[in-house]
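Some notes on the structure that comes next.
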Amino acid sequence: MVEVRRKEGESAENLIRRFTKRVQSSGVLLRAKKGRFYTSKKTKREVREVAARRKLIRDKKEYLRKIGKLEEFIDPRKPNKRGTIKKLLQAKIRMN
């Protein structure tokens with residue numbers, strides 16, 4: 001906890017300025033801001049499910065790429081990123 005005592009003859013503005021400086025240097029605001037959007041860790045089951053879902057999608061994309069139904073698109077806004085998959089043109093397979 002940050003505590004600031006008023007010195008003799010000190011104006012309110014100076015007191016507030018000193019208090020603000022102490023709060024910033026103590027890191028209280030940073031801790032409060034970090035805790036504001038806290039999300040709990042995923043359980044092992046959830047981690048496994050997400051990994052399995054990613055693998056399924058990756059396998060489907062690889063299969064479509066091999067049979068020639070998946071067109072790769074180079075995004076002109078990101079010239080260094082080659083082979084970014086933009087659309088499934090001919091395939092009418094929904095990726096769930």
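Values in this text are rule-based calculations from the coordinates and carry no lab data. Since we're looking at a predicted model, the values are computed, not measured. Virtual Cβ from ideal backbone geometry, glycine too; neighbours counted across all protein chains shown.
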Rg/Rh ratio calculated on Cα atoms of the range 1-60 (Kirkwood radius): 1.49
HN-Hα J in Hz across the range 48-54 - Karplus 6.51, -1.76, 1.60, θ = phi - 60°, x for Gly and Pro: 5, 5, 5, 5, 5, 5, 4
Cβ-based exposure ranking for 7, 69, in which fewest neighbours within 10 Å come first: 7, 69
Spacing of the two label points (7 Å from each Cα toward its C-beta) at residue 3 and residue 19, in nm: 1.5 nm
Peptides ranked, highest mean first, by Cβ atoms within 10 Å: ranges 37-48, 57-68: 57-68, 37-48
